[in-house]
1. Quick check on this structure: which one of 96, 88, 70 is over 16 Å from residue 123 (Cα atoms), buried (at least 16 other Cβ atoms within 10 Å of the Cβ) and in contact with a strand residue (DSSP E or B) (Cβ under 9 Å, 6 or more places away or on another chain)?
2. Confirm whether residue 76 is within 12 Å of the chain's Cα centre (by Cα), acidic (Asp, Glu) and over 26 Å from residue 13 (Cβ atoms).
3. Applying the selection to the stretch 25-52, what residues are basic (Lys, Arg) and modelled with pLDDT of 95 or more?
4. So, of the residues in the stretch 128-155 that are among the hydrophobic types (A, V, I, L, M, F, W, C) and in a strand (DSSP E or B), which turns out to be surrounded by the most Cβ atoms within 10 Å (Cβ to Cβ)?
5. What are the residue pairs meeting all of these: first residue in the stretch 148-171, first residue within 13 Å of residue 55 (Cβ to Cβ), second residue of a type in the set (Phe, Trp, Tyr) and buried (at least 19 other Cβ atoms within 10 Å of the Cβ), Cβ atoms under 9 Å, and 6 or more apart or on different chains?
6. Filtering the stretch 24-59 down to residues that are in contact (Cβ under 8 Å) with a residue 24 or more places away in the chain, assigned to a helix (DSSP H, G or I) and among the aliphatic types (A, V, I, L, M), which residue is surrounded by the fewest Cβ atoms within 10 Å (Cβ to Cβ)?
7. If we keep just the residues of the stretch 79-107 that are among the β-branched types (Val, Ile, Thr) and more than 16 Å from the chain's Cα centre (by Cα), which is nearest to residue 17 (Cα to Cα)?
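The values are calculated or read from the model by the stated rules, or taken from the named source; none is laboratory data. Remember, it's a predicted structure, so these values are computed and weren't measured experimentally. Ideal geometry is used to build each Cβ from the backbone, glycine not excepted, and the neighbour counts take in all protein chains shown.
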Amino acid sequence: MAHEAIGGLAWRDSLTRIIEDLRGEKPIAIIGLGNTLRRDDGVGVYVASRLKNLLRNVSGVEVIAAEDRVDYAAKELEKVNPCLIIVVDAMEFHGVPGEIRVVRLEDVEEPYAYTHRIPMKTIFKLVGIEAPTYVIGIQVASRDFGEGLSREVEVAGDEVIEFLVKILRGG
């Protein structure tokens, strides 16, 4: 499986550096976005739902399963006031299904191929969210109507879950 990330680093190396550099006294927020009724578009919610349980006893981490409600995510972020925001979402960047990329939110071109009606950058700016924000994008195989992830996207989601649990638990 191919992986791309910031500055040519593999996605795991990019996230490790980002988290190590920005982890502080404020919490890290992880947001899962997507529509679980549109097959692979639900991968962000899949990841966040599992992380919410797996990281529930880890201090300094707040997980939000926002589904397709970027406005809800912004409202929750205002309460959390994080030092870092990590968004997990399905993306269409013409890669191999299940490919994982890490990009800065400000580097994402709008309209980036997610299904949310209002761009994240716009909502975050409107409500005054200033924490550095990175998107873990997973290339979709299908956004057809239906439930359940494709095998490639589920495997990629599980990789992201395993990695974030390991790094955020400090192991």
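1. Answer to the check: 88.
2. No, not satisfied.
3. Those that are basic (Lys, Arg) and modelled with pLDDT of 95 or more: 50, 52.
4. Selected residue: 138.
5. 160/11; 161/46; 163/11
6. 54
7. My answer is 80.
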